[in-house]
Structures are given as C-alpha cells and as structure tokens.
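Some notes on the structure that comes next.
FYI, it's all coordinate maths here, none of it is from the lab. Just so you know, these numbers come straight off a predicted model, no measurement behind them. Every residue, glycine among them, receives a Cβ derived from its backbone with ideal geometry; neighbour counts consider all protein chains shown.
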C-alpha cells in the first residue's frame, strides 16, 4: 500500500467513526443526542439549547468529513479537500468539548467522535507534510570518516 493509500484509508476510518458516533449513545447511561435513532431503553437529550448545538455540530462534522473524503478521492482539488477535512475534525472536536462541559459521563459515541476527529486532523497533517531525506556526497564522506 502506498503512502497516499494509507492516508486515505486512515481518513476513511475517521469519517466512518464520526458518522457512526451520531447513532450511538454519547452520555452514560444510554443518553443519545437529539435527532438520533435510539434503541429501547435509551433516552434522547433535549432538542434545544446546547444538546441541539452539539448534535448539529457533530452531524455537520460528519457531512464535511464525507465531502472532503469524496473530493480527495474523485477530484484533483487536494487543498480544498484537506481544508474541509480539517474543518470537519475541528468542528467534531469542538462538539466533544461542548459535550464534556455539560458534566455528563462520556459514552461510546463521544469516544468514537473523539478518535475520528483526531484521525482526521492527523491525516490532514500527514497528507500535507512531506519529509525529504537528502543523501549526498558530503554525507557519504562523513560516514566513511567515522
């Protein structure tokens, strides 16, 4: 697998985690964000105020992540794709911070969004930073002397 393929796989895992987090409980015990599909026995948080904002932010983050991934796969607009992906990661992490400030215990959905947001930012960083190792005559001479 090439470096580019590995980065795209990492990004795909990130956007899948963020999208999956919108369907899972964010708070413990079984507290779901507004507009989530909940199984029996769960409780959906109020649909106004900070919980609605958190739900909106994480969904926008998931949508932007998918848009950035598709732009990276299907077009040559790398700069725009990575900007959208970085925005997605930042907005997802912002939603995690806002949810943490509510004082509720975190659950699996919040942790998945946290990992997904971090992976998005890491893939953006690694996709735009290239390290070049120069091996010239000076290096060979220095190695021969030592």
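Taking R0 as 30 Å, what's the FRET efficiency between residue 2 and residue 47 from their Cβ-Cβ distance, rounded to 0.05?
Here the calculated transfer efficiency is 0.10.
When 79, 58, 13 are ordered from fewest to most other Cβ atoms inside 10 Å of their Cβ, what list results?
Ascending number of Cβ neighbours within 10 Å: 79, 13, 58.
Starting from the Cα of residue 9, move 7 Å in the Cα-to-Cβ direction to define the label point; list residues of the stretch 45-72 whose amide nitrogen is under 17 Å from there.
Backbone N within reach: none found.
So how tilted is helix 49-74 from the main axis of the chain? Cα-based, degrees 0 to 90, rounded to 10.
The helix 49-74 is inclined about 40 degrees to the chain.
What are the radius of gyration and Dmax of the chain, computed over its Cα atoms and given in Å?
Cα radius of gyration and Dmax of the chain are 19.9, 73 Å respectively.
Gain in length, residue 140 to residue 23, computed as 0.36 nm per residue apart minus the alpha-carbon separation, to one decimal in nm?
36.4 nm
For the chain, take the longest principal axis of its alpha carbons; what is the angle in degrees between that and the long axis of helix 108-128, to the nearest 10 within 0 to 90?
The answer is roughly 30 degrees.
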